[in-house]
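Novice: First the structure, then my questions, so here it is.
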Amino acid sequence: MCIFATTIINTIKLHLLKMKITKEITIEELIDEVPSSVKYLMDEGIRCIVCGEPIWGSLEEAAEEKGFETSDIERFVKDLQFLSDNPSGEKTFEKKIDVEKL
């Protein structure tokens with residue numbers, strides 16, 4: 001097999017192996033697969049580690065428990081997918097504040 005074909009096959013395998021982040025993902029699976037998600041979630045106000053162990057439930061359940069709305073959860077999924085796809089990538093996430101909640 002030529003080097004070009006091998007590169008294409010490896011690229012396809014990498015693409016297929018990428019973690020798909022959804023609102024249904026369990027917190028345990030999320031932090032296991034995307035360790036940087038712990039800091040991200042903590043910065044957003046979602047405590048995902050208690051006594052060194054991940055909390056139970058899904059990303060959606062954890063966010064709803066803290067009063068986040070559907071649009072916030074969709075943003076979390078998008079941002080966490082970025083972290084999953086770019087583990088060493090740099091990105092500043094925008095934290096949107098609902099002034100009416102203040």
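The values are calculated or read from the model by the stated rules, or taken from the named source; none is laboratory data. Bear in mind the structure is a predicted one, so any value in this text is a computation, not a measurement. As a convention, Cβ positions derive from the backbone with ideal geometry for all residues, glycine included, and neighbour counts pool all protein chains shown.
Novice: Scan the stretch 6-18 and tell me whether some residue there is closer than 18 Å to residue 74 by Cβ and modelled with pLDDT of 65 or more. Outline the logic, then answer.
Specialist: Pass one, the stretch 6-18, residues closer than 18 Å to residue 74 by Cβ: none.
Checking the stretch 6-18: not a single residue is closer than 18 Å to residue 74 by Cβ and modelled with pLDDT of 65 or more.
Novice: Please go through (1) part of a loop (DSSP other than H, G, I, E, B); (2) at pLDDT 95 or above for residue 74 and return the number of the only condition it doesn't satisfy.
Specialist: Here residue 74 clears every test but (1).
Novice: Ok, one more. Step by step: first the residues of the stretch 31-40, then only those that are touching a strand residue (DSSP E or B) at 6+ places or on another chain (Cβ under 9 Å) and surrounded by 15 or more Cβ atoms within 10 Å (Cβ to Cβ), then the one that is farthest from residue 20 (Cα to Cα). Which residue is that? Steps first, please.
Specialist: Of all residues in the stretch 31-40, those touching a strand residue (DSSP E or B) at 6+ places or on another chain (Cβ under 9 Å) come to 31-32, 38.
Filter once more, keeping what is surrounded by 15 or more Cβ atoms within 10 Å (Cβ to Cβ): 31, 38.
Working: 31: 13, 38: 17 Å.
Going through the qualifying residues, I end up with 38.
Novice: Related question: Among the numbered conditions (1) at pLDDT 95 or above; (2) touching a strand residue (DSSP E or B) at 6+ places or on another chain (Cβ under 6 Å); (3) surrounded by 18 or more Cβ atoms within 10 Å (Cβ to Cβ), tell me where residue 80 comes up short.
Specialist: (2)
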